[in-house]
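Input: a single structure, listed below in structure tokens.
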Amino acid sequence: MNLFDKPVAVVGMGVCGNAFINAMTHRSNGQLKVYGYDKHKDTHKVLRLEEKRTVLSFRVVFVCVSTPAATSNTYNPKGGYDLSAVLDVLKTLHDYAYAGDVVLRSTLTPFDVDYLQETMTQVDCKFRLHTMPEFLRAATAFEDAMHPGRILFGVCPEWASLLGPGMQEN
């Protein structure tokens, strides 16, 4: 199987999403088809989440939506960040029975990730939820995406069992 045989999607095309799309496209020498979606922007390579057939074709969906600090008017049962945009994307993927991998790149606390994982488990979602937080500075986002100072990757429980001892908890 060729790594580039199936496209990937990036949902949220702000600083993080745009930098990530550009870095993936650059690193793959343009071989990887990367589609972006942002409900607030009109882009040339737009993923339409309304098109179920298209969504089901993606190898991975990266979620890079805005997660501002939670307030009394926003949704997060554990405080931290407003999860409403993330939940909207996850609900759409669940409704389409997407069974691939979903990687959360948005800023989230470990409690937020636990809550999202629990929520998706309760509704019997078919996709695997992972985390890969971004560490980007707005002024140097592309450079930071191309040459990250650190990479953290949190995996779904099924994948965690495949990791060696000591890797699962850290």
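The residues of the range 114-161 that are open to solvent by 40 Å² or more (accessible area, probe 1.4 Å), touching a strand residue (DSSP E or B) at 6+ places or on another chain (Cβ under 8 Å) and modelled with pLDDT under 70, listed by number, are Leu152, Phe153, Val155, Glu158, Trp159. Look at Thr121 and say whether it is assigned to a helix (DSSP H, G or I) and over 14 Å from the mean Cα position of the chain (by Cα). In short, yes.
Evaluating Leu104 against the criteria (1) open to solvent by 30 Å² or more (accessible area, probe 1.4 Å); (2) closer than 27 Å to Pro148 by Cα leaves one unmet condition, (1). All told, Pro7 falls short of being at pLDDT below 80 and surrounded by fewer than 20 Cβ atoms within 10 Å (Cβ to Cβ). For the range 48-100, taking the residues that are farther than 17 Å from Tyr37 by Cα and charged (D, E, K, R), the one that is modelled with the lowest pLDDT is identified as Lys78.
I'm trying to understand the selection: among the residues of the range 80-91, which are under 16 Å from Lys126 (Cβ atoms) and open to solvent by less than 40 Å² (accessible area, probe 1.4 Å)?
Keep residues of the range 80-91 that are under 16 Å from Lys126 (Cβ atoms), which gives 89-91.
Matches in the range 80-91: Val89, Leu90.
The values are calculated or read from the model by the stated rules, or taken from the named source; none is laboratory data. Since we're looking at a predicted model, the values are computed, not measured. Methodologically, a virtual Cβ is constructed for each residue, glycine included, from the backbone with ideal geometry; neighbour enumeration extends over all protein chains shown. To get the accessible areas, we keep the full protein, side chains included, count just its heavy atoms, and leave off ligands, DNA and RNA. Shrake-Rupley method; radii C 1.70, N 1.55, O 1.52, S 1.80 Å.
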